[in-house]
1. Conditions: (1) surrounded by 15 or more Cβ atoms within 10 Å (Cβ to Cβ); (2) in contact with a helix residue (DSSP H, G or I) (Cβ under 7 Å, 6 or more places away or on another chain); (3) not in a helix (DSSP H, G or I). Residue 195 meets all but one. Number of the miss?
2. When you go through 192, 202, 196, 241 one by one, which is the residue that is without any contact (Cβ under 8 Å) to a residue 24 or more places away in the chain and closer than 21 Å to residue 141 by Cα?
3. Return the residue satisfying two criteria in turn: it lies in the range 157-192 and is at pLDDT 85 or above and part of a loop (DSSP other than H, G, I, E, B), and of such residues it is farthest from residue 224 (Cα to Cα).
4. Exactly one of these conditions fails for residue 129: (1) over 25 Å from residue 237 (Cα atoms); (2) surrounded by 15 or more Cβ atoms within 10 Å (Cβ to Cβ); (3) at pLDDT 90 or above. Give me its number.
5. I'm trying to understand the selection: among the residues of the range 223-261, which are surrounded by fewer than 23 Cβ atoms within 10 Å (Cβ to Cβ) and in contact with a strand residue (DSSP E or B) (Cβ under 8 Å, 6 or more places away or on another chain)?
6. Going through the range 154-177 one residue at a time, which ones are within 19 Å of residue 249 (Cβ to Cβ) and touching a residue at least 12 places away in the same chain (Cβ under 8 Å)?
7. Could you list, in sequence order, the residues of the range 198-212 that are in contact with a helix residue (DSSP H, G or I) (Cβ under 6 Å, 6 or more places away or on another chain) and surrounded by 18 or more Cβ atoms within 10 Å (Cβ to Cβ)?
8. Restricting attention to the range 13-34, does a residue exist that is under 20 Å from residue 228 (Cβ atoms), assigned to a helix (DSSP H, G or I), touching a helix residue (DSSP H, G or I) at 6+ places or on another chain (Cβ under 8 Å) and at pLDDT below 90?
């Protein structure tokens with residue numbers, strides 16, 4: 001089995017080793033719970049697209065509950081400190097999950113809880129200035145998501161190796177710029193990237209386009225994972241990738257809409 005994604009290739013090889021180990025042990029005496037005939041060796045269940053869909057819905061539900069809880073429970077005086085703390089913890093968890101070679105559902109769920117709190121606090125702040133903006137951003141985000149799903153399904157946009165390399169490079173560059181901009185803002189420097197001016201609007205539009213295209217990579221990883229026969233637990237990792245893109249897209253859409261409703 002070959003794939004253009006080296007990470008998926010390694011995971012696919014690991015899955016084959018697990019299946020081979022299970023097959024080699026077949027016929028050997030495994031203790032049964034009832035103490036009767038030996039039980040068959042445990043089979044490695046491959047993930048399916050349905051598994052990823054279910055896990056994604058579960059994670060979105062967790063994000064929604066966590067966001068609602070943070071919105072209603074965190075005092076207004078602590079909003080700023082709380083969302084900065086949630087953002088830092090979410091970033092750390094996201095990096096651990098992204099660079100880990102083992103699927104960890106507990107970490108993915110923890111990420112959804114923390115990011116839900118972050119999204120809820122940021123949404124509450126924007127909603128306090130612009131009434132109805134959260135609903136508009138949610139509708140726009142899922143509208144873009146379903147549009148990208150249709151375009152991918154129709155193969156209008158393909159996740160070729162060149163496309164993947166280019167998009168990953170652009171994403172890394174954007175995150176580096178946002179991190180530097182955030183650090184500078186802590187020291188009182190304003191670069192204009194997050195203002196309502198032409199530069200801020202242009203930067204948000206670029207982020208929205210890139211976040212939208214990142215769904216193509218996520219959809220392709222799901223298909224490749226299913227084709228490679230990755231174990232079922234990796235459906236959590238695939239759902240995590242989709243969730244990250246959804247949250248990023250939502251936050252950028254939220255900010256862009258605010259630019260056209262008044263001063264930020």
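The values are calculated or read from the model by the stated rules, or taken from the named source; none is laboratory data. These numbers were taken from a predicted model, which means no experiment stands behind them. Because the Cβ atoms are built from the backbone with ideal geometry, glycine has one as well, and the counts that use them run over all protein chains shown.
1. So residue 195 meets the others, but not (2).
2. Values: 192 fails: closer than 21 Å to residue 141 by Cα; 196 fails: without any contact (Cβ under 8 Å) to a residue 24 or more places away in the chain; 241 fails: without any contact (Cβ under 8 Å) to a residue 24 or more places away in the chain.
So the residue among 192, 202, 196, 241 that is without any contact (Cβ under 8 Å) to a residue 24 or more places away in the chain and closer than 21 Å to residue 141 by Cα is 202.
3. My answer is 157.
4. Unmet condition: (2).
5. 226, 229, 231, 232
6. Result: 157, 159, 163, 164, 167, 168, 170, 171, 174, 177.
7. Initial filter on the range 198-212 (in contact with a helix residue (DSSP H, G or I) (Cβ under 6 Å, 6 or more places away or on another chain)): 201, 204, 207-208, 210-212.
Matches in the range 198-212: 204, 207, 208, 210, 211, 212.
8. yes
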